[in-house]
Amino acid sequence: MKTHRILWVSFLSTLLLLLTVRCSDDDPAPLLSISGTVTYPGISGNTAAGGSVVLLAKTANALEYNFTSIADASGNYIFDNLEAGTYYLNANYYTDNQNLGARLEGVNFNAGDDIEVVIGGVDVTENITLVSVGQTMASAMDINYDGREGGAGNATEWEFDPNHTTVDFAFDFKEENSEFTGSFGRVTKLILNLDPASLSTSSLMAEVDLMSVNTRTRGGRDPLWDGEFNALTESTVFTETNCIATTFGIFADATFPATVTDPQRYASFTSTSVEPYGDGFIAKGNLSFSAVMSTNPSSPYGITNNPNTMVTKAAQIVFKYRTGTEDATRFYASFEGKMIMNAKADFNIFSSNIVDEPIKVYVNIQLRKNK
């Protein structure tokens with residue numbers, strides 16, 4: 001009996017020892033983090049790339065990344081709960097978080113080559129600056145079009161197709177969330193020399209006839225002219241201009257019906273440089289637009305206009321080349337572009353509808369070439 005008691009006590013002692021035995025003093029390695037800020041070369045300077053997708057892999061040039069982080073509105077990202085080791089970072093950012101066909105809403109920036117990051121015993125901060133890679137094209141593009149009355153038309157191998165080209169504008173209506181849209185139906189001049197291999201010699205000049213404005217309300221806001229469905233030219237006789245033309249600075253001096261020959265009838269953009277921008281291009285230059293309007297309650301729509309004044313301000317157009325299709329006789333291609341113009345601040349173009357809102361201008365230029 002005594003022997004059984006001793007064995008039982010010995011068993012309990014051994015079990016208690018097993019239950020209370022402790023591992024070695026070596027604690028697990030701490031989990032670490034990689035964090036930082038993503039920026040890209042914005043039009044007005046280095047800008048936080050909020051919404052960019054930041055990728056983290058355990059091997060360089062990985063086809064699939066192990067972890068993903070979305071940068072917040074200030075461009076901040078973080079990867080936490082990481083073991084010590086070597087990692088590889090990359091990032092992508094679409095400026096407007098979308099890129100839909102026929103309306104350019106953004107260009108893509110990326111970090112280029114993977115960024116190697118080694119973390120040991122402490123957290124690591126790694127800021128990422130995205131780069132512009134530009135866009136490759138099969139060949140240089142040369143367009144020379146003068147569609148003014150008596151102009152030379154197309155004068156190069158690639159032809160500008162005015163009938164399928166669109167110039168749309170949009171602004172927030174009365175500072176509300178709804179968007180007011182319209183278009184200009186007539187591009188009067190287009191001179192484009194674009195060579196991605198020699199951007200320093202590339203250039204862009206475009207001119208739009210503001211009297212071709214169309215908001216789908218003929219007889220209400222848009223200009224009216226005799227023979228409404230005939231092609232618009234410099235000698236077109238207008239019966240009235242209505243409020244939208246006046247908003248954009250067009251004001252005929254003569255009693256209607258009349259031709260509108262004021263310099264304000266045309267807006268033009270002339271580049272001073274063409275550079276890579278994201279996976280596209282940016283043309284920086286000057287926008288010449290009608291301006292210098294002042295309040296005058298006795299004049300139509302409460303404004304007067306200086307008919308001999310144009311204002312030229314710095315502007316830029318972000319654009320991309322789109323490879324087109326072909327048929328039995330022609331090749332087709334196009335450019336998509338987007339410009340933001342501060343109508344009131346820069347050109348003193350104002351109305352109770354536009355208020356202080358910037359105007360977005362979307363351009364879709366169609367081109368063709370005979371086989």
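Bear in mind that the values in this text are calculations on the coordinates, not laboratory data. Keep in mind that this is a model prediction, so the values were computed, not measured. Don't worry about glycine lacking a Cβ; one is built from the backbone with ideal geometry, like all the others, and counts go over all protein chains shown.
Given R₀ = 35 Å, what would the calculated FRET efficiency be for THR325 paired with ASP72, taking r from the Cβ atoms and rounding to 0.05? Using R0 = 35 Å, I get an efficiency of 0.30. Derived scalar couplings between HN and Hα for segment 109-116 equal 10, 9, 8, x, 5, 4, 9, 7 Hz in order, rounded to whole Hz, by the Karplus curve 6.51 cos²θ - 1.76 cosθ + 1.60 (θ = phi - 60°), x for Gly and Pro.
If you take the Cα centroid of segment 40-109 and the Cα centroid of segment 159-212, the two points sit 30 Å apart. The overall shape of segment 92-212 is oblate: from the C-alpha gyration tensor, with semi-axes ordered a ≥ b ≥ c, the ratio a/c is 1.5 or greater and a/b is no larger than b/c.
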